Ligand SMILES: [Cu+2]
């Protein structure tokens, strides 16, 4: 807040008392703190809560060995600092910034981001009510959950894996003329805005060769895989044969 105090004295005493703490806070960073990126970004862009003193506000990016990865000095304009980056190979990078507000208040900070090709992109899908059925004698148990797609694009589930299962299959149960049958499914589409339930008697996961981790009352990790190569790790509660 760069509030000039050209006010009558009484008003100035009230209004100018507040902006005395005009530190510039980092409001938005790109790449964000802790971001996993598939490729190195061309630049770092930091946005602050206050107008900055350009000559004293700067950002630098260093690799894990401390090498400067900027192509030159950063540039500060208004409440933003930009730094163009060299080509970043995979690795951990540290961003350090110093911001001086126009009233000379100084603030500083730092954060890391990671460049890792093949880093799984976050899936927009929301999973709820996820559970796996534990059956005796190593019998394959079903996995059930609700998938909601809040995005504007169709999402396609193409597979699942779990360290707790030798193999995790996509299945569908159907009842035809009183006979129940189960078949492999290659993929399940979740249209934009839609919710798809994996439930007994319909779509389900099938945990083949369950390990000892599949124990009633426990939890196991299942990773859902989608056609856009995004993955979603989900904790499944393990229930007994009766679904409780
Ligand atoms: Cu099945």
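The values are calculated or read from the model by the stated rules, or taken from the named source; none is laboratory data. These numbers come from a predicted model, not from an experiment. All Cβ positions, glycine included, derive from the backbone under ideal geometry; neighbour counts span all protein chains shown.
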In region 167-190, residues that are within 11 Å of the ligand (Cβ to nearest atom) and loosely packed, with under 11 Cβ neighbours inside 10 Å total 4
Qualifying position, being surrounded by 14 or more Cβ atoms within 10 Å (Cβ to Cβ) and more than 13 Å from residue 141 (Cβ to Cβ), among 238, 234 = 234
Restricting attention to region 90-107, report how many residues are surrounded by fewer than 15 Cβ atoms within 10 Å (Cβ to Cβ) and in a strand (DSSP E or B).
-> 4
Which pairs have Cβ atoms under 8 Å, sit 6 or more apart or on different chains, and link a residue in region 168-179 that is more than 23 Å from residue 224 (Cα to Cα) and in the same structural domain as residue 233 (by TED's automatic domain parsing) to one that is within 15 Å of the ligand (Cβ to nearest atom) and part of a strand (DSSP E or B)?
-> 175/181
Among the residues of region 82-89, is there at least one that is loosely packed, with under 13 Cβ neighbours inside 10 Å, assigned by TED's automatic domain parsing to the domain that holds residue 227 and on the phi < 0 side of the Ramachandran plot?
-> no
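Answer with yes or no whether residue 118 is away from the ligand (no atom under 15 Å from the Cβ), under 29 Å from residue 36 (Cα atoms) and touching a residue at least 24 places away in the same chain (Cβ under 8 Å).
Considered against the rule, which asks whether it is away from the ligand (no atom under 15 Å from the Cβ), under 29 Å from residue 36 (Cα atoms) and touching a residue at least 24 places away in the same chain (Cβ under 8 Å), residue 118 comes out as yes.
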Taking residue 163 as the residue in question, decide whether it is away from the ligand (no atom under 16 Å from the Cβ) and over 18 Å from residue 237 (Cβ atoms).
-> no
Residue list for region 1-36, restricted to those being outside any loop (DSSP other than H, G, I, E, B) and either over 23 Å from residue 73 (Cβ atoms) or modelled with pLDDT under 75 (or both) = 9, 10, 11, 12, 13, 14, 15, 18, 19, 20, 21, 36
Would it be correct to say that residue 193 is under 27 Å from the mean Cα position of the chain (by Cα) and surrounded by 13 or more Cβ atoms within 10 Å (Cβ to Cβ)?
-> no
Looking at (1) farther than 30 Å from residue 36 by Cβ; (2) surrounded by 13 or more Cβ atoms within 10 Å (Cβ to Cβ); (3) within 16 Å of the ligand (Cβ to nearest atom), can you tell me which one residue 132 breaks?
-> (1)
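Taking strands (runs of 3 or more DSSP E) that do not extend beyond region 125-183, which have at least 2 residues that are over 30 Å from the mean Cα position of the chain (by Cα) and closer than 16 Å to residue 197 by Cα?
Strands (runs of 3 or more DSSP E) meeting the threshold: 165-176.
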Residues within region 200-218 that are within 13 Å of the ligand (Cβ to nearest atom) and on the phi > 0 side of the Ramachandran plot, tallied | 1
